[in-house]
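The values are calculated or read from the model by the stated rules, or taken from the named source; none is laboratory data. Only a predicted model underlies this, so the values are computations on that prediction, with no experimental measurement involved. Note that we place each Cβ from the backbone using ideal geometry, even for glycine, and neighbour counts take in every protein chain shown.
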Amino acid sequence: MKKNNTTYRTTGLYLEDGSFFKAKAGFGNTTGTVVVVNSNNFIETPTDGSAEGLILCFSFPQAGFAPVMLKEMESLSHKASGVIIAHIAQTSRGKALREFYKDHQIALIEGVDTRELALHLSAKPLLGELYSGNNFGVDTCEMENSRLPNSGKTLAVLGELPNSLLKDLVGLGYELVQYQDRLPEAFNQIDGILVIRNLEKIEMEKLIATEIPIIALTLAAQSFTNFYGGELEEKALFSQNLVLEDLTLAQSKTLIAEFRLSKTIKKAPGRVLFVEHYTKRPVGFTKDNVLCLEFLPGKTILDDLCERGWTTL
């Protein structure tokens, strides 16, 4: 790909065929395949898994007039590497949109003639370099993959959240901090930890030692089941919604939750909180500062858990 070899480089998009599209402003520098998207959803589209690593040229001419709705995010960790927008409004919503891209380390250039760029890319997508010369200026912990600011308490997230669970947590007001596979040395200003991946013994020991409330889901719940001396049994892989009973209330009530498992809990090593309605098999328990749920909780269960507090169950 051709690059400008001068010391000073103009902000814009440099394509592998030697073409250059000038921009008026931007931040971040990145490379990737440049594709045109016919969408006016400036949050959902660049956080969709299919956009990972791409530079997206939005054909819609204007942005920054609609509110930035965090619940529209498709993923917390999968994202486009850059976006190109013709015009972002000089409004509070436009400012919020720019901040969203900065917070998620998505490079941005604006003021580009996206109609001309779309015509240029009509034959096929091209590899390009989005250049602004400006760093993001983000001073978050190097272990963080991304942060989703919000108005409520802050949760550290270990593992990839399903889209439905991500949107429910955002809707409940939680600020989410996504960490990479390795645990950080310390969790700073974190109110709770949400785990949704397999854990090693040393990782579980470190998490318990923090004394921060922990919710362990699906695979993580099974990791803690083994760690605490419970029993699992092999099952055929299944993904389905099952009826549960919530035993934490004075009068038990039934709920629906989604399971995605190849093993199931046979014997819970702590106080049982939820059972599968028909078999009475334990599917949720608590021990120490850990709440283990073998299922993906829907918004009703999450809202209830938030209201009561994880550690008071």
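How about the range 204-239: which of its residues are small (Gly, Ala, Ser) and surrounded by 11 or more Cβ atoms within 10 Å (Cβ to Cβ)? Lay out the reasoning, then the answer.
Here is the first cut: in the range 204-239, the residues small (Gly, Ala, Ser) are 209, 216, 220-221, 223, 229-230, 236, 239.
Passing the criteria: ALA216, ALA220, ALA221, SER223, GLY230.
Only one entry of LYS71, LYS2 meets the criterion of being surrounded by fewer than 18 Cβ atoms within 10 Å (Cβ to Cβ), in a loop (DSSP other than H, G, I, E, B) and modelled with pLDDT under 85, and that entry is LYS2. Among the residues making up the range 262-302, those that are surrounded by fewer than 21 Cβ atoms within 10 Å (Cβ to Cβ), charged (D, E, K, R) and in a loop (DSSP other than H, G, I, E, B) are LYS280, ARG281, ASP288. Condition check for GLU144 on (1) surrounded by fewer than 21 Cβ atoms within 10 Å (Cβ to Cβ); (2) among the acidic types (Asp, Glu); (3) modelled with pLDDT of 85 or more: one failure, at (3). Counting only strands (runs of 3 or more DSSP E) wholly contained in the range 174-251, the ones carrying 2 or more residues that are touching a Pro at 6+ places or on another chain (Cβ under 9 Å), within 22 Å of PRO162 (Cα to Cα) and not charged (D, E, K, R) occupy 192-195, 214-217.
Of everything listed in (1) aliphatic (A, V, I, L, M); (2) modelled with pLDDT under 85; (3) over 20 Å from ASP288 (Cβ atoms), the single unmet condition for ALA186 is (3).
Just wondering, is there one or more residues in the range 204-214 that are farther than 23 Å from PRO184 by Cβ and modelled with pLDDT of 90 or more? Steps first, answer last, please.
Narrowing the range 204-214 to residues farther than 23 Å from PRO184 by Cβ: none.
Among the residues of the range 204-214, not one is farther than 23 Å from PRO184 by Cβ and modelled with pLDDT of 90 or more, which makes the answer no.
Where residues in the range 192-203 are closer than 14 Å to LEU291 by Cβ and without any contact (Cβ under 8 Å) to a residue 40 or more places away in the chain, which of them is surrounded by the fewest Cβ atoms within 10 Å (Cβ to Cβ)? The extreme case among them is ILE196. Of all the listed residues (ALA89, ALA66, ALA118), the sole one being within 24 Å of the chain's Cα centre (by Cα) and touching a residue at least 12 places away in the same chain (Cβ under 8 Å) is ALA66.
Out of everything in the range 154-173 that is part of a loop (DSSP other than H, G, I, E, B) and at pLDDT below 85, what residue ends up being surrounded by the most Cβ atoms within 10 Å (Cβ to Cβ)? Talk me through it step by step, then tell me what you get.
From the range 154-173, those part of a loop (DSSP other than H, G, I, E, B) are 159-162, 172-173; that's our starting set.
Now narrow it down to the ones that are at pLDDT below 85: 160-162.
On the way: GLU160: 16, LEU161: 21, PRO162: 15.
Checking each candidate, the answer is LEU161.
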